[in-house]
Amino acid sequence: MKTIGLIGGMSWESTAEYYRILNECTRDRLGGLHSARCVIYSVDFAEIEQLQVQGRWPEAGAILAEAARSLEAAGADLLLICTNTMHKVADMVGAAVSVPLLHLADATADAVRASGLRRVGLLGTAFTMEQDFYRGRLEQAGLDVRVPDEDGRALVHRVIYEELCLGVVRDDSRAAYQEVIKELVTQGAEGVILGCTEIELLIGPQDSPVPVFPTARLHAEAAVADALAACPPSSAKGRGAPQRR
């Protein structure tokens, strides 16, 4: 198995989900006691968030690029940036290393197209919803992307930074997100991209009238598929993954 390098900590709440999903997917594929080969570089999100707010993206990119070089030196064969928003500096990070960077928007677009859908709503931070670095990449992949109105975008962004990144999951925020999703559906969205890796801590398939695309899970699953491309599935009987309860 290839070693997967994770640039995480943005926030650590979703990075923990990445780690869980990577290991569950590896176990499901190989069976028994198998787990993912991975290394994690976890940054201080408070520092990154301040650079985001101040628009100092090159400085934030330099921090992530250094993390990428450290992961490559630690033996990573492919890299993930475990956040949608910081894919704004993905080109800078990818240029800092010789190993491939698996872009989150590409993994997401692949999953949407595989489902047969094309017109999707996008939830995420204000940066992700309003700027072109992510939405534009989805559109280049052939998707028709819709975002909430100004009030909806402000609500989604606030809940991410003030609640989900702090591990706070509130029923009233879930209900508010459901209203935003309903409005996207009225605009013609056939599915909804959960375009911030924390949102899937709050919203699941049961919370939406249309399919949802959880980007952290899709990204992690794509990474395991890449890392195990040369590995056959386990044929051992009685040693597969236990059922989750």
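The values are calculated or read from the model by the stated rules, or taken from the named source; none is laboratory data. Being a predicted model, the structure only gives us computed values, none of them experimental. Cβ placement follows ideal geometry from the backbone for every residue including glycine, while neighbour counts extend to all protein chains displayed. Protein only, heavy atoms only, side chains kept; ligands, DNA and RNA dropped before computing areas. Shrake-Rupley method; radii C 1.70, N 1.55, O 1.52, S 1.80 Å.
Relative contact order, whole percent, for the chain stands at 26, derived from Cα pairs under 8 Å and 6 or more residues apart.
For the chain, the 222 nm mean residue ellipticity estimated from helices alone, with every DSSP H stretch of n ≥ 4 adding -39500 (n - 2.57) and the total spread over all residues, rounds to -15000 deg cm²/dmol.
Please label the shape of the chain as rounded, prolate or oblate, based on the square roots a ≥ b ≥ c of the eigenvalues of the alpha-carbon gyration tensor (a/c under 1.5 means rounded; beyond that, a/b larger than b/c means prolate, else oblate). Can you show the working numbers first?
Working: a/c = 1.63, a/b = 1.21, b/c = 1.35.
Cα axes put the chain in the oblate bin.
Evaluating 6.51 cos²θ - 1.76 cosθ + 1.60 at θ = phi - 60° for every residue in the range 8-13, the Karplus couplings come out as x, x, 10, 9, 5, 4 Hz, glycine and proline recorded as x. Decide, for the range 28-134, between rounded, prolate and oblate: order the square roots of the alpha carbon gyration tensor eigenvalues as a ≥ b ≥ c, take rounded if a/c falls under 1.5, and otherwise choose prolate if a/b is larger than b/c, else oblate. Oblate, because a/c is 1.5 or more while a/b does not exceed b/c.
A Förster radius of 22 Å, combined with the Cβ-Cβ distance separating Gln140 from Ala95, puts the computed FRET efficiency at roughly 0.70. Of the whole protein surface, Val168 contributes about 60 Å² of accessible area at a 1.4 Å probe radius.
In order along the range 46-53, phi translates into HN-Hα couplings of 4, 5, 5, 4, 5, 5, 4, 4 Hz, rounded to whole numbers, per the Karplus curve 6.51 cos²θ - 1.76 cosθ + 1.60 with θ = phi - 60° and x for Gly and Pro.
Determine the gain in length on full extension of the stretch Gln206-Arg69; use 0.36 nm per residue of separation and subtract their C-alpha separation, reporting nm with one decimal.
Working: separation 137, 0.36 × 137 = 49.32 nm, distance 3.97 nm.
Taking Gln206 through Arg69 to full extension adds about 45.3 nm, to one decimal.
Less than 5 angstrom separates the built amide H of Arg37 from those of Ile4, all sequence-distant by 5 or more or on a different chain.
Tell me whether the range 1-59 comes out rounded, prolate or oblate; compute the Cα gyration tensor, take square roots of the eigenvalues as a ≥ b ≥ c, and use a/c under 1.5 as the rounded threshold.
Prolate.
Karplus-based coupling profile of the range 21-33, in residue order and whole Hz: 5, 4, 6, 5, 5, 5, 4, 5, 6, 9, x, x, 9, with θ = phi - 60° in 6.51 cos²θ - 1.76 cosθ + 1.60 and x standing for Gly or Pro.
Label 7 Å along Cα→Cβ of Ser115; the range 192-213 residues with amide nitrogen under 14 Å? Output list for this probe position: 192-196, 200, 203-213. Normalising the average separation of contacting C-alpha pairs (under 8 angstrom, six or more residues apart) by the number of residues puts the relative contact order of the range 63-171 at 23 percent. The charge dipole of the chain, taken about its Cα centre with unit charges on the Cβ of Lys, Arg, Asp and Glu (plus for the first two, minus for the last two), comes to roughly 1080 debye.
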